[in-house]
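The values are calculated or read from the model by the stated rules, or taken from the named source; none is laboratory data. Predicted, not measured: the structure shown is a model, and the values here were computed from it. For neighbour counting, all protein chains shown are included, and Cβ atoms are generated from backbone atoms with ideal geometry for every residue, glycine included. Just so you know, the surface numbers come from the protein's heavy atoms only, side chains and all, with ligands and any DNA or RNA stripped out. Shrake-Rupley method; radii C 1.70, N 1.55, O 1.52, S 1.80 Å.
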Amino acid sequence: MLSFEPFGKDINHVKTIRKRRTDKTEPCHIRVRNFKKLLTGGRLKGNDYNEMYEYDDTEDAHNGLSRHYGRKTPYKWPEVREDPGPGGDADEGKLPWITTRPLKQSLPPLQFLDQGSLHHGPYIRRRGVGKQMVRAIHRLPNQSYPEDKVNLAAFRGDRLFINAGDVNYEDWQLGDSLTYFDGKVCKGTSLEPMTLCRAAYEDGPEALVEMMSKFLDREDVQLFGLINLAKYEYKETGHGEANVGGLETLRTCLQVMKAYPDNEAIQGRALMVLSQLSDNYAMRREMFKVDWVTPCINAMNNNQENVNEMWVDHGGDRGKVKMIIKEPTRHSIDTCTWACKLFSQMACDNEKRPLVADDGIPLFLLAMKTCPLEGIVQINAIKGIYNCIYRCESAHIIATEEDALSICEELLISFSSDPQLLLLAQRTIRALQPDGWRGSADDPSSVIPKPIKYELSELSEMS
């Protein structure tokens, strides 16, 4: 049990003293003016200090004291020692004014705390030990993470973003100054067409198409808009009908191709979107209701070439010889690739196959001649030829008149190291035989034609 004895009364000039011995066996002195109020759990005030008592600081005393007001000693102040120096007293290194209780885990220093938690826990100021405040005085939301700062900036109307979905493409204008997070660092930039279209992509094809219609006079906005429209997967509805986003995308692509007939980049990207739409049977049914063939043929006729001059020194009397090398532009390669894929997929429907083959087979052969060294163009063209002549006698006649068989046979030598292209070429060659259009080209037991061996003079003529 605790025993308390007063050892002094005239102490008005004495300051509060709290002293604890290291061995915890000697009595500890504390100045209290109203000790009964302390035992009952009350809070001491300035006028309650009138006497000083002495109490036992042992473990048994702690257990007895906890019976009176529900806990052990109010605060077990940690002991901090400093080096007293040579010849100094060991007790002189103690710091009697420690304002924190022992914690189970260490807290970060004050300089790394954000403003929202400055007045929380042991680092609180002007509120006393152990007091807590739910919010800071300025009542700002948490800004510990970049996402929180972006949300606060959106609430204030500031232009700050970290993801594409944070960009307000409806209210922000092209060229406006923006701030974005590069990791944890804020950097400044301006609103560009690529960022604008990428932000509209987050809300679906309908929102992206609506944004593109506002900037129909900007080629860069249309180009990046078409790039993002090709990322969607246009699925049919539950009733087998084309979705609204796909119909709006189809209308926008044809409108953009008509507005910029001489822009190779826009034509190639628009064909890429149309080929993505044609991958769905419901969208193919809707595409046959509009004129999609004319813009595609115009885009193929608009393909350009890079012309480079080269001087070759043969030495001797021949001297230098000027050579002109022509190769398709990268946009022409994209146009040929997506045009062949578009016609190839549109020829999958049996009813529309003769209609597609009338313009498709000449287009396939033109693409193969324009890009003779591009394997992806040859693959899409070979697939398109086979899809057109499969169980379609009229398409087989067109392919025979256009001499498609000789062009396909050349692929067996030009791309002899591409196994996928060789298999497709051999299957197409079997289909181009007199009765190959009847569907026997896929028969595994059918004879695979061997590669044709050309003489050196014939190869030079073909090159």
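Being surrounded by fewer than 24 Cβ atoms within 10 Å (Cβ to Cβ), touching a strand residue (DSSP E or B) at 6+ places or on another chain (Cβ under 8 Å) and of a type in the set (V, I, T), is that true of even one residue in the stretch 335-352?
no
In the stretch 335-358, what residues are more than 14 Å from I297 (Cα to Cα) and aliphatic (A, V, I, L, M)?
Scanning the stretch 335-358 gives M346, A347, L355.
Anything in the stretch 353-386 that is open to solvent by less than 10 Å² (accessible area, probe 1.4 Å) and either free of Cβ contacts under 8 Å to residues at least 24 places away in the same chain or aromatic (F, W, Y) (or both)? List them, or say none.
F364
Name every residue in the stretch 302-334 that is free of Cβ contacts under 8 Å to residues at least 12 places away in the same chain and either open to solvent by less than 90 Å² (accessible area, probe 1.4 Å) or within 30 Å of G245 (Cα to Cα) (or both), in order of residue number.
V312, H314, G315, G316, G319, V321, R330
So which helices (runs of 4 or more DSSP H) stay within the stretch 256-301 end to end and still have 1 or more residues that are in contact (Cβ under 8 Å) with a residue 12 or more places away in the chain, open to solvent by 60 Å² or more (accessible area, probe 1.4 Å) and out of contact with any helix residue (DSSP H, G or I) (no Cβ under 9 Å at 6 or more places or on another chain)?
281-287
Being over 30 Å from I361 (Cβ atoms) and of a type in the set (A, V, I, L, M) is the filter here; which residues of the stretch 293-323 pass it?
Passing the criteria: M310, V312, V321, M323.
How do the pairs read when you match residues in the stretch 417-437 that are under 20 Å from T400 (Cα atoms) and at pLDDT 90 or above with residues anywhere that are open to solvent by less than 70 Å² (accessible area, probe 1.4 Å) and among the charged types (D, E, K, R), using Cβ under 7 Å and keeping only pairs 6 or more apart or on different chains?
Between residues of the stretch 417-437 that are under 20 Å from T400 (Cα atoms) and at pLDDT 90 or above and residues that are open to solvent by less than 70 Å² (accessible area, probe 1.4 Å) and among the charged types (D, E, K, R), the close pairs are I429/E409.
Those residues that are under 20 Å from Q267 (Cβ atoms) and among the basic types (K, R), I need them from the stretch 209-240; list them, please.
Answer for the stretch 209-240, where residues must be under 20 Å from Q267 (Cβ atoms) and among the basic types (K, R): R218, K231.
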